[in-house]
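To start, the structure itself, in C-alpha cells.
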Amino acid sequence: MNTTELLDQFVSEARECLEKIGTRLLDVERAPGDPELLNDLFRLVHTLKGNCGLFDFKDLERVVHAGEDLLDQVRHDRLRYGSAIADALLDAMDYASELVDAIAQTGQLPQGTGDRSQALAQSLRSLLPGAGGATAPTPVAPAAAPLLSAPHAAPAAVPRPDWLDDVPADWLQPGRVVLCYTPEAECFFKGEDPWLLATHTPGLVALRVTPREPWPAADQFDCYQCNLVCWLVSDAPLAYVEDHFRCVPEQITSHAVEATAAPEAAPAEDQRAQTLLQLRVAQMWREQLGLLARPAVAATSVSAVRRAMAHLLDCWGDDAARAAALELSQLPEGAMALASWAAKALPVAGAGGTDTPDATAGSALVAAPERRMGSGQPAADDANHPGARVLKVGQDKIDRLMDLIGEMVVAKNALPYLAQRAEDHFGQRELAREIKAQYSVINRIAEDMQHAIMQVRMLPVGTVFQRFGRLVRDLSKKLGKEVQLVIEGEDTEADKNVIESLADPLIHILRNSLDHGLELPDVRLAAGKPARGTLRVAARQEGDRVLLDISDDGAGVDTDRVRAKAVERGLIPAERADQLSEQEAVQLIFLPGFSTAEQISDLSGRGVGMDVVRSAVERINGTVELGSVRGQGTTIRLALPLSMAVTNVMMIEAAGRRFGIPMDLIVETVRVPADEIHHFKRAMTVVLRGRIVPLRALNELLSVDEEPLLNEAGEHAVLVIRHGMENVGLLVDNFEGTSDIILKPLEGVLAGITGFAGTALMGDGSVLMILNPKELL
C-alpha cells in the first residue's frame, strides 16, 4: 500500500469517525449519565487521534487530543457534561472535519491552521477541572524505580536518575536512549496496546518487562488492568523515540546516554522530515511481517504483502532499498521465503537507521503473533473471524457492476426477438422454443444478479438521518425554539444514489418545519400545547418504494396567508386563488419562487424552497405529497424508488410510434367504450370505479395531428397515471407489455426537449423514447 493509498484510507476512516462522533455527541447530550454512550464517544475520539498520529497532522491531532482529554474527565465523573462542553466539542469536530476535507484535496494541512487549532484546544482545555489549563493525570511510578519528573528535558540537563542503577550495564552505551514506559492501569479501555507500542519503538535494541505491583493471586487477577512497566533501550535519536510515544508523553521517562565524542549538529529540517518518513515506513514494514506470521496465509495475501513491501522500499529510496527491491523481485513465491527474506531486510528498511542487519530482531517480529489492541490475546485466524468477511469496495467498482448488469438486461431482452424471428422468417419453431427456454434461464440468472448487486449498493437511510440531529439542535437554539427530533425506521434501505440525492431535499423540509411550522414555546403554551415541539422523520419500505414522512405538531399551513402571498407575487390570479379548496391552497407552496417569509434571512425568504424539493425528488422518479391541518401540524411524504439503476416501463403505441412510460407512475390500464367518454367543450372525462377521471389524448400532447385508434369492439385504450394528487387517463392506440430498460438521459441539443425522460436501447436494436407524463401534462 503506497502513501497515497494510506492517505485515502485515513481520510475515509476519519470522515466516518467524525460522522459517528457528531451523532454520539448529540446522544450524550440527551443522556449525559449513560456510561456506555460516553465510553463509545471516547473510543471514537481516541481512534481519530491515533489515526492522526500516523501522519504529520499536528494541528488536527492537537484539537482531537484536547477533546479526548476533556471527555476522559467527563467519563471518570470529574466533570459534568453540559451544553457548554457539547458546543465546544461540536465546534472542535467541525474544524477537524474542515481539516480532513482539506487533506483530502491537497494531501496536507493548509497553511495557517496553527492559530485556530491552538485556540480551539485551549478552549477545550479551559473547561477541564482546575480552570484554565490541561491537568494531565499523574503518572504511576514503578515500585522499585522512581520516574524522572521532567521526561522531555534536554539530555545534557538531565542528571543520571537512580533507576538506571537497575538497568544492565551493557544498555548504557554512548548514544543510546534508555526509556521507562509505565502504561496507565486502564489503558486497554482507551484502545491502547502498550506491548505493540513498546515493541515498535524506533531503533529498539533491548526490552524488559516487569510488574508495576506484585501480581495478585489467580482468583483476584483482573485481566483488564495493565500492570506492566516496560524498560527499553534504543539507538535511535531521542527526538524520534519521543515522537513515537507522543500520544502518551506523561507515561514515559527517558535518559539519553552521553556520547563520548562531541555530538553532531542537529539535522536540517528536511533531513528530519525524511527520517520521520523512514521511521513510519519501518513501522509499516513490521506490520507486513505480522501479516506473514499469521497461520495459513493465503496466496493472495502473500502477493499483496509483496506489493506493499515493494512500495515501502520505493518510499525509502536509497541505494540499499533499491538493492533490496531487486532481491524482492527475484524471490520465489511463498510466504516462508518472503518472511525469511523480509526479516533479514528489516534493518535495511529502517529499524531506527541501523546499518547492521539484525536477523534475530527481525525473526522475533515475524514469529510474534499479531495481538488485538489492548486485549493481550492472539488475533484469531482471519478465515474464522466474522470481521474478515467485510470487504470495502470503491463506489466506482459497484457502479461498473451496475452498468454491466444493465447491459446484460438489454442483451437478454434480445432473445425473445430472436426467437420470434426464427419462427416467423425461417420457420424454425423448435429452435424458437429452445431459445425461449434458454431465455427463461438467463432471465432468472440476470434477475438474481441484478438483485444481488443492488443489495450491495443498498444503504440504510439512517446515513442521511444522522446529520439531522445536529441541524435541528443548532437551528432550534438559533430560533429560540424547543424541538424534539424523533427518527423512526432508520434501518430502511435504499439505493446509495437515491439516499445521496435525499440530503438536500430533506434539509430544505426540516428548515421549513423549524422556521415556519413549529411555534415558539410561549405561543405553544398559549395554544394548549407542550412547550417543546416534535419533529418526526419516519421511513418505511412499501413494495418497490421507500416512503419518508416528515411531520411536525406545529401551526400547520396558513392557507389564507398562502393565497395572499401567491397573488402578491403574481403566481396565481386572485379569482383563481379564492376558488381553491384548503388542500389545493396548501399545494401553492410548491410553486417556483413562493415564500411566506417577510424578510430574507439565512433560513428563508430567498424564494428557493419547496419547488426545489419537488424538482429534486421528481428527478429521481419520486413524488412529493403535502398535507396540513391548521393548528395541528404538517406532514410531507416522499415516495422514492428503491433503485435508479434499472427502470421498468410499459410500452404503448400512439400514432404508429412506440413509447415507454415508467411503471411507477401507472395506476392501471383499461379499455373504455367510446360512448362512455363524456365531452365538455374540448375536455374529456370518464367515470372509473365511481371516480371522475379526466382524459387527454397522447397524440394531442405530442402535437401529432391524428385521432386515437379504436379497437374492433369500439374501445379506447386508456392508460391511467398518477399526476400529483389526482389520476389522469391517457388515450393511446395500444398496450405492448412491460420491459426492464437502462434509462439514458437526453444529451446535447436534445437535452432541452420537455416531455421526455430519456431513451433506452431495446433488445431488437431499436431506440425507445421514454415519456415524462408530468411534463406533458
(message) With the cut-off at 1.5 for a/c, could you classify the range 736-777 from its C-alpha gyration tensor as rounded, prolate or oblate?
(response) oblate
(request) Write down the accessible area per residue of the range 482-571 in Å², having rolled a 1.4 Å probe over the full set of protein chains. (result) 45 Å²
(message) For a quick check of your reading of the filter: which trypsin sites (Lys or Arg not before Pro) in the range 651-682 sit in a DSSP loop and have no more than 16 other Cβ atoms within 10 Å?
(response) K681, R682
(request) Using per-residue counts of other Cβ atoms within 10 Å, averaged over each peptide, order 687-693, 444-450 from highest down. (result) 444-450, 687-693
(request) With the full set of protein chains in place, find how many percent of the accessible area of the range 1-119 is carbon and sulfur; take the probe as 1.4 Å. (result) 46 percent
(request) Assuming R0 = 30 Å, can you tell me the calculated FRET efficiency for the pair D101 and L777, based on Cβ-Cβ distance, to the nearest 0.05? (result) 0.10
(message) Give me, ordered by chain and number, the residues 5 or more places off G533 or on other chains with an amide H under 5 Å from its own placed amide H.
(response) E482, V483, Q484
(request) Please turn the phi angles of the range 612-618 into ³J(HN,Hα) values with the Karplus equation 6.51 cos²θ - 1.76 cosθ + 1.60 (θ = phi - 60°), one per residue in order, whole Hz, x for glycine and proline. (result) 5, 4, 4, 4, 5, 6, 5
(message) If you count only protein heavy atoms and use a 1.4 Å probe, how large is the accessible surface of F680, to the nearest 10 Å²?
(response) 130 Å²
(message) With the crude spin-label approximation of a point 7 Å out along Cα→Cβ, what separation in nm comes out for M449 versus E333?
(response) 2.8 nm
(request) For the range 501-555 and the range 209-238, write down the distance between their C-alpha centroids in whole Å. (result) 55 Å
(request) Compute, for E519, the solvent-accessible surface of its heavy atoms (probe 1.4 Å) with the complete set of protein chains present, and express it in square angstrom to the nearest 10. (result) 30 Å²
(message) Just to confirm my numbers, what's the Cα centroid distance between the range 687-716 and the range 39-100 in Å?
(response) 66 Å
(request) Just subtract the alpha-carbon distance of Q484 and T685 from 0.36 nm times their residue separation and send over the number in nm, one decimal. (result) 67.7 nm
(message) Around L338, under 12 Å between beta carbons, what's the net of Lys plus Arg minus Asp minus Glu among the other residues?
(response) +1
(request) Could you calculate the FRET efficiency of L418 with S703 from 1/(1 + (r/R0)^6), where r is the beta carbon distance between them and R0 is 56 Å, rounded to 0.05? (result) 0.95
(message) Given a 1.4 angstrom probe, I'd like the percentage of the accessible area of the range 671-777 that is carbon and sulfur, rounded to a whole number.
(response) 52 percent
(message) Could you check the spin-label model distance between N711 and E430? Points 7 Å from the Cα along Cα→Cβ, value in nm.
(response) 3.6 nm
(request) Return the long-range amide H neighbours of L743 (sequence gap of 5 or more, or a different chain), with a cut-off of under 5 Å between placed amide H atoms. (result) T647
(request) Can you tell me the FRET efficiency between D34 and D91 if r is taken as the Cβ-Cβ distance and R0 is 25 Å, rounded to the nearest 0.05? (result) 0.65
(message) If you count only protein heavy atoms with a 1.4 Å probe, what accessible area per residue comes out for the range 1-42, rounded to a whole Å²?
(response) 51 Å²
(message) Net charge within 12 Å of A432 by Cβ-Cβ distance, Lys/Arg positive one each and Asp/Glu negative one each, not counting A432 itself?
(response) 0
(message) Let me make sure I get this right: for the range 449-578, a, b and c are the square roots of the gyration tensor eigenvalues over alpha carbons, sorted descending. Under 1.5 in a/c it's rounded, otherwise prolate if a/b > b/c, else oblate. Which is it?
(response) oblate
(request) Determine how large the accessible area of K344 is when every protein chain is in place; take a 1.4 Å probe and give Å² rounded to the nearest 10. (result) 120 Å²
(message) Let's see if you can work this out: charge +1 on each Lys and Arg Cβ, -1 on each Asp and Glu Cβ, no other charges. What is the dipole magnitude of the range 440-534 about its Cα centre, in debye to the nearest 20?
(response) 460 debye
(message) Among the listed pairs K20/K49; K478/K529; K58/K397; K744/K774; K58/K344, which have their C-alpha atoms separated by more than 25 angstrom in this model?
(response) K58/K397; K58/K344
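The values are calculated or read from the model by the stated rules, or taken from the named source; none is laboratory data. Keep in mind the model is a prediction, meaning the values are calculated, not measured. Heads up, the Cβs are rebuilt from the backbone with ideal geometry, glycines too, and the neighbour counts pull from every protein chain shown. Areas reflect the complete protein model, heavy atoms only, side chains present, ligands, DNA and RNA absent. Shrake-Rupley method; radii C 1.70, N 1.55, O 1.52, S 1.80 Å.
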